[in-house]
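The structure appears right after this line, and notes come after that.
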Amino acid sequence: MRFLILTHVAHKFKDDEISAYAPYVREMNIWLKHVDEVLLIAPKSTRSKTVIDLPYNHDNLIFNEIPSIEFTNIKKLIFSIIKLPIILIKIFSACKKADHIHLRCPGNIGLLGSIVQIFFPKKIKTAKYAGNWDPEAVQPVSYKFQKRILSNTFLTKNMTALVYGDWENQTKNIKPFFTASYANEEREIRAHRDYSGKLKFVFVGGLVEGKRPLFAIQIIEKLNELGYNVSLDLYGDGILKKALKAYINEKTLQNKIKLLGNQSKETIKGALKEAHFLILASKSEGWPKAIAEAMFFGVIPISTSISCVPYMLDYGKRGVLIDFELQNAVEAVKRCLVDPELLKTMSEEAFVWSQKYTLDKFESEIVKLL
């Protein structure tokens with residue numbers, strides 16, 4: 001089978017390796033175990049490989065570079081429009097050669113791919129929509145357009161669109177799905193945590209506005225002011241790092257809050273085994289891996305009520321749902337901290353539920369799609 005991947009993810013080259021963002025590549029490598037040849041249409045990055053990048057694992061992978069496109073300002077819009085014909089020609093040509101077309105959405109390349117695939121109604125196709133599929137969510141027009149095309153069974157033939165969450169009134173080609181980070185063999189006995197002493201919180205994700213790391217810091221700041229013995233370790237990097245560091249220094253929180261940067265999967269795994277809580281107060285998510293990974297080790301997630309997160313947390317039974325207002329979020333956390341038995345139950349519920357979503361189960365479901 002000749003398998004085509006259309007993605008906006010930028011790829012890095014070193015020696016004979018092609019690498020990209022590790023969670024994405026780790027997932028794609030599972031797909032690629034079951035195909036003969038891979039056609040990859042994606043932008044190329046000039047940056048060096050980092051600890052959060054991973055190489056593809058396939059002996060027959062053909063990379064076809066396309067320029068990256070953005071529409072965030074007038075200058076980028078004009079340059080992107082100029083690039084569009086080249087990108088569309090390359091996508092169309094690759095679709096003609098492929099036996100299976102796989103789109104990574106949402107994203108600019110996923111959007112173009114969702115349009116081009118209309119002209120190949122007999123080809124087998126899948127789309128992984130890694131964003132928020134909630135029909136009521138406030139999203140960019142391009143995201144809504146992709147969702148409309150993917151769910152339109154008149155325009156989009158032979159397509160299975162994998163989405164996070166089980167939403168009402170969906171077309172027959174929309175399949176509720178999940179993602180995973182750990183294999184069956186990585187399952188462990190849940191560590192029984194003590195919630196009466198110092199409580200360790202972690203944040204895992206990009207230090208960017210959408211993930212709201214400052215909000216996580218402010219929750220810990222407020223809890224400390226109220227007399228709770230809590231700390232926060234932030235794993236990740238991003239444009240807000242300098243501002244967050246300045247805030248921590250200004251508030252003299254260095255002994256309570258640490259910025260630890262991007263770390264390997266094993267380091268994150270070790271941190272989750274010791275943590276009591278994970279905070280992820282994002283503005284938008286699909287299936288947040290940070291939450292699923294934390295639950296896998298019995299960590300209690302604290303998250304905003306977005307996308308399929310309420311389902312993941314069983315509407316508050318296996319985690320703490322908070323809103324976007326700081327004081328309300330602090331109060332929601334406080335209500336749980338005063339009840340150690342409730343926290344133990346939450347931890348157990350989170351652990352038991354997450355054990356179902358392993359890489360082994362993920363692979364078995366992928367094979368069915370191929």
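Every number here is computed from the coordinates shown, using simple stated rules; none is lab data. Please read these numbers as outputs of a predicted model, since none were measured by experiment. Positions of Cβ are generated from backbone atoms using ideal geometry, with glycine treated the same way; all protein chains shown enter the neighbour counts.
Starting from the coordinates of the alpha-carbon atoms of the stretch 74-135, obtain the Kirkwood hydrodynamic radius over all distinct pairs and give the value in Å to one decimal.
12.7 Å
Give me the distance in nm between label points sitting 7 Å out from Cα along the Cα-to-Cβ direction at Leu155 and Glu266, one decimal.
4.7 nm
Can you work out the Karplus-derived ³J(HN,Hα) for every residue in the stretch 321-326? Use 6.51 cos²θ - 1.76 cosθ + 1.60 with θ = phi - 60°, whole Hz, and x for glycine or proline.
8, 10, 9, 8, 9, 4
In the stretch 137-152, whose amide N lies under 15 Å from the spot 7 Å out along Cα-to-Cβ of Thr171? List them in ranges.
Label zone hits: 144-152.
Using only the Cα atoms of the stretch 40-167, what semi-axes does the equivalent ellipsoid have when each is the square root of 5 times a gyration tensor eigenvalue? Give whole Å, largest first.
With the √(5λ) rule applied to the stretch 40-167, the semi-axes are 23, 20, 17 Å.
Would you calculate the volume per residue, in Å³, of the smallest convex hull containing every Cα atom of the stretch 116-259?
Spelled out: Cα convex hull of the stretch 116-259, divided by residues, is 191 Å³.
Taking 22 Å as R0, compute the FRET efficiency from the Cβ-Cβ separation of Asn29 and Asn184 and round it to 0.05.
With R0 = 22 Å, the Cβ-Cβ based efficiency is 0.80.
What is the distance, in nm, between label points placed 7 Å from the Cα along the Cα-to-Cβ direction at Leu84 and at Ile118?
In this crude label model, Leu84 to Ile118 measures out at 1.3 nm.
Would you please name the trypsin sites (Lys or Arg not before Pro) within the stretch 335-370 that are DSSP coil residues with at most 11 other C-beta atoms within 10 Å of their C-beta?
Lys356
Would you mind ranking Arg187, Arg47 by Cβ crowding within 10 Å, fewest neighbours first?
Fewest-to-most ranking of Arg187, Arg47: Arg47, Arg187.
Under a 5 Å amide H to amide H cut-off, with H placed in plane at 1.01 Å, what residues pair with Ile322 once short-range neighbours are removed?
Amide H neighbours of Ile322: Ser303, Thr304, Ser305.
Contour minus end-to-end for Ala191 and Ile74, with contour as 0.36 nm per residue of separation and end-to-end as the Cα-Cα distance?
36.8 nm
Scan the stretch 34-135 for GluC sites (Glu not before Pro) in coil per DSSP, keeping those whose Cβ has at most 14 other Cβ atoms within 10 Å, and list them by number.
Taking the stretch 34-135 and a limit of 14 other Cβ atoms within 10 Å, the loop GluC sites (Glu not before Pro) found are Glu70.
Using just the alpha carbons, could you tell me how many Å³ per residue the convex hull of the chain encloses?
144 Å³
Among His102, His34, which comes first, then next, by fewest other beta-carbon atoms within 10 Å?
With the sparsest Cβ surroundings first, the list reads His34, His102.
So for Glu285, Glu185, Glu365, Glu349, fewest C-beta neighbours within 10 Å to most, what's the order?
Glu185, Glu365, Glu349, Glu285
So for the chain, averaging the separation of alpha carbon pairs under 8 Å that are six or more residues apart and normalising by length, what relative contact order in percent results?
14 percent
What are the semi-axes of the equivalent ellipsoid of the stretch 188-354, taken as the square roots of 5 times the eigenvalues of the Cα gyration tensor, listed largest first and rounded to whole Å?
22, 18, 16
Beyond a 22 Å Cα-Cα separation, which of these cross-linked pairs lie in this structure: Lys211/Lys361; Lys123/Lys144; Lys317/Lys361; Lys147/Lys172; Lys128/Lys283?
In this structure, Lys211/Lys361; Lys123/Lys144; Lys317/Lys361 lie more than 22 Å apart at Cα.
Over the stretch 118-189, calculate the relative contact order: mean separation of alpha carbon pairs under 8 Å at least 6 apart, over the residue count, as a percent.
Normalised by residue count, the contact order of the stretch 118-189 is 34 percent.
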